[in-house]
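Asks: Dropping a structure here in structure tokens format, bear with me for questions.
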Amino acid sequence: MPDHVPGPRALLRRLRELMAEALDPQARLDRIVREIARNMVAEVCSLYVLRADSVLELYATEGLNPGSVHLAQLRLGQGLVGTIAASARALNLSDAQNHPAFAYLPETGEEIYNSFLGVPVLRAGRTLGVLVVQNKTKRSYRDDEVEALETIAMVIAEMIAAGDLARLIRPGMELDLTRPASFKGLAFNEGVGLGHVVLHEPRIVVTNLFNEDIEEELKRLDEALGSLRLSIDDMMSRREVAFEGEHRAVLEAYRMFAHDRGWVRRLEEAIRNGLSSEAAVEKVQSDMRARMTHMMDPYLRERMSDFDDLANRLLRQLMGRGPEAVAATLPKDAIVVARQMGAAELLDYPREKLRGLVLEEGSVTSHVVIVARAMGIPVAGQLKGVVSMSENGDAIIVDGEDGTVQLRPQSDVEAAYAEKVRFRARRQELYRELRDKPSVSKDGVHVDLMMNAGLAVDLPQLAEAGAAGIGLFRTELQFMVAATFPRAEAQERLYREVLDAAKGKPVTFRTIDIGGDKVLPYFRGAAQEENPALGWRAIRLTLDRPGLLRTQVRALLRAAGGGELRIMLPMVTELAEIAQAREIIDREVRHLSRHAYLLPTTLKMGAMVEVPALLWQLDELMEAVDFVSVGSNDLFQFVMATDRGNALLSDRFDPLSVPFLRVLKQIADAGARANTPVTLCGELAGRPISAMTLIGLGYRSISMSPAAIGPVKAMLGELQVGRLEDMLDASLSAGGAFRNLRRDLQAFAAENGIPI
């Protein structure tokens, strides 16, 4: 046996030469297995590739019957090869035929071989095939030989992923890597998007597989690891990171992984075997991911995401690739695929190139979904496994109407969805025809259909959708996309732009609503909270940091000079908070007046009803403010004790249930008694059936995403409000708590020809 140190390196050098030669794929594979057998002094070397039908097909062999190539097959889990593929673990046997999983294939002639070493061909944790060496003599292969064969398997995995074997696939067959896949999840925003996958945490493709200089490569790895550890230490030293609690514990574990000697040793070993630093990271990570995926312990499986993130960060350090490079190479029909992401991260993508969003997690009211809805792109979520099955550039279809995703779809599926897109376009054309028509019901009830917005890029949709105004302008989005707190001048510029775009239509500005899950990376005051949705956020935060509120109010007052200004306070719990905020606003009015600034002709202050405590202060509230807006997302979450971000509960309780509709009617009735305008600006207003219900409860102004205005106006044109009010009054009366009100509303719509 030759010296084992140069062995793998010599083999990798020979593989590199083979891959550079102008050979057809079969000849290249035949030469590769021959070289492996010669280098490892093995009498047999065979490569099995996994097909889409879960069958492992013999693609090349040295030592077995050459006539069995592309004929010998094993099912996933069948025989030693099938066992390796199913478990993603290597098998090292001195007496293979006595192993309980051994399967005899007469066409191969392998019954004379005793020693057996098989390793999975892995990429991104997915098994693409199995690489095997065999000998007649009974022996156990050394650890360095196992490591060498795993290194070769990683190189072969990149060959398969690059599509080099496409010409060898028999007609009617396809490789597992390229098979179509379908996922069923939850619909988060309507629409159909056809495009190509853009992984939010891109799987970096390693093109430089081999190293020229071991010492130089080890030095590169050490420097990149040093930078990675420094960045983690920096992350942990920031003031916004709590010094105790679960969050801190997770970060400590993260740091521990980055310093893990076992991980580093495996990386160094892969480099000594001839791989580049990048290829070493990819190989070690793929091995680890495949093994941890098959562990039963859910905690360990979850920790895999920490390792994945570390490996990705390390790869980016080595390759010098930042997010800017990704944005530059984005396809014009990008569909972003992510486990989860923040609202600000979505806004980093060029809007004109986005066609859809696919989430493994998320919920209908998570902020990234709300932003995606404002952008008018289809969203599907709760799609387990979609990230690991996707590759950058894969064809993908997202259906935001039924929550399905088609990955690498067949041509007939693609054609069916293309027709669905054309049908939606025709329907949108009908909605555009309604744009300039009044939003009046069949029996003459006028309802203001407003839109929600948050950035300057949303403003063109005001005219396009035919909205009566902006019922909710989320000022915090400006803060979330900025690198630092926006200065008063920048805020004023944005608010003036919004008011100019509205052309005299009403605009309601919500004061900054940060905290909870809306974290600003540059905000140093936030402490880690056990229940952030119930914590230091919105008006609670801005009253404690009045400088924030004063700056924003001053910018709003200056921007609205000579016109109407509507300011709305989020997350109000008691009336004293309104009095405090009014005092700050009045002080700013006096300040600007003293300095001869042009002030708004009308200043109206409103409050959001999101906290259930206000339900017992409604009459006093209506007297204390000029208008009220119901934040249905948070109000529903608090009334039903349902975390809006918890996937297990996202569709457990129905917003159109009797208890919640009684709450909404109570608020509308209080507004009517006091003659105080009441609107609703949560996601509830965006679907025709729930918008219909709100109108039946007495709401005459509702605010929604621009894309929802057309369908809601079409519904309104066929609605007789009086009949609906009678039906709802009867349903919400005493004894109606057990009714399935959604079903009753659907039946009402069907009987009266109302499109919902």
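Asks: Could you work out the local net charge near V639, counting Lys and Arg as +1, Asp and Glu as -1, over the other residues with Cβ closer than 14 Å to its Cβ?
Replies: Overall, the nearby charge balance is 0.
Asks: If you don't mind, another one. How far apart, in nanometres, would the label points at D143 and F102 be if each is projected 7 angstrom from Cα along the Cα-to-Cβ direction?
Replies: Result for the modelled spin labels: 2.8 nm.
Asks: Right, another one. I'd like the Karplus ³J(HN,Hα) series for segment 260-268: coefficients 6.51, -1.76, 1.60, θ = phi - 60°, whole numbers in Hz, and an x wherever there's a Gly or Pro.
Replies: Going residue by residue, I get 5, 5, x, 4, 4, 4, 5, 5, 5 Hz, with x marking Gly and Pro.
Asks: Sticking with this one: Contact order normalised by length for segment 6-177, with contacts defined as Cα pairs under 8 Å and 6 or more residues apart; what percent is it?
Replies: 21 percent
Asks: So, one more: Output wanted: per-residue J couplings in Hz (rounded whole) for segment 570-584, from phi through Karplus 6.51 cos²θ - 1.76 cosθ + 1.60, θ = phi - 60°, x for Gly and Pro.
Replies: x, 6, 5, 10, 9, 5, 4, 5, 5, 4, 5, 5, 4, 4, 5
Asks: In sequence order, what are the phi-derived ³J(HN,Hα) couplings for segment 692-709 according to the Karplus relation 6.51 cos²θ - 1.76 cosθ + 1.60 with θ = phi - 60°, rounded to whole Hz, with x for glycine and proline?
Replies: Going residue by residue, I get 4, 5, 4, 5, x, 7, x, 7, 10, 8, 9, 10, 8, 5, x, 5, 7, 5 Hz, with x marking Gly and Pro.
Asks: Suppose the Debye formula is applied to equal point scatterers at every Cα of segment 6-177; what is log10 I(q)/I(0) at q = 0.16, 0.19 Å⁻¹?
Replies: One equal scatterer on each Cα of segment 6-177 leads to -0.88, -1.32.
Asks: List every residue whose amide H lies under 5 Å from the amide H of I470, counting only residues 5 or more places away in sequence or on a different chain, with H placed 1.01 Å from N in the peptide plane.
Replies: Hits under the 5 Å cutoff: M451, V507, T508.
Asks: Another question, then. Given 0.36 nm per residue, what is the gain on full extension from E414 to A579 after removing their alpha carbon distance, in nm?
Replies: That pair, E414 and A579, stretches by 53.6 nm at full extension.
Asks: Quick check: convex hull of the Cα atoms in segment 435-751, volume per residue, rounded to a whole Å³?
Replies: In segment 435-751, the Cα convex hull volume per residue is 138 Å³.
Asks: To continue, here is another question. As an exercise, identify the chymotrypsin sites (Phe, Trp or Tyr not before Pro) in segment 76-149 lying in DSSP coil whose Cβ has no more than 10 other Cβ atoms within 10 Å.
Replies: Qualifying residues, ordered by number: Y104.
Asks: Related question: Taking the Cα centre of each part, how many Å lie between segment 585-617 and segment 432-495?
Replies: After rounding, the separation between the Cα centres reads 20 Å.
Asks: In whole angstrom, note down how far apart the Cα centers of segment 350-377 and segment 31-108 are.
Replies: That distance is 45 Å.
Asks: Let me ask something else. Under 5 Å between amide hydrogens, which residues at least 5 positions from L275 or on another chain qualify, with H placed 1.01 Å from N in the peptide plane?
Replies: Amide H neighbours of L275: N211.
Asks: Lysine pairs in segment 435-751 with Cα distance under 19 Å, only those 8 or more apart or on different chains: how many are there?
Replies: Count of close lysine pairs: 7.
Asks: Using amide H atoms built 1.01 Å from N in the peptide plane, name the residues 5+ places from G454, or on other chains, whose amide H lies under 5 Å from its own.
Replies: Correct list: R474.
Asks: Which order, highest average first, do 717-728, 37-48, 604-615 follow once you tally other Cβ atoms within 10 Å for each residue and take the mean per peptide?
Replies: Listed from highest to lowest mean packing, they are 37-48, 604-615, 717-728.
Asks: Kindly identify segment 365-483 as rounded, prolate or oblate by the Cα gyration tensor criterion: order the square roots of the eigenvalues as a ≥ b ≥ c, call it rounded if a/c is under 1.5, otherwise compare a/b with b/c, prolate if a/b is larger, else oblate.
Replies: Verdict is oblate for segment 365-483.
Every read-out reported here was derived from the displayed coordinates using simple, explicitly stated rules and does not represent laboratory data. As the structure is a prediction and not an experimental result, all values here were calculated from the model. Counting neighbours? That spans all protein chains shown, and the Cβs are built from the backbone with ideal geometry, glycine included.
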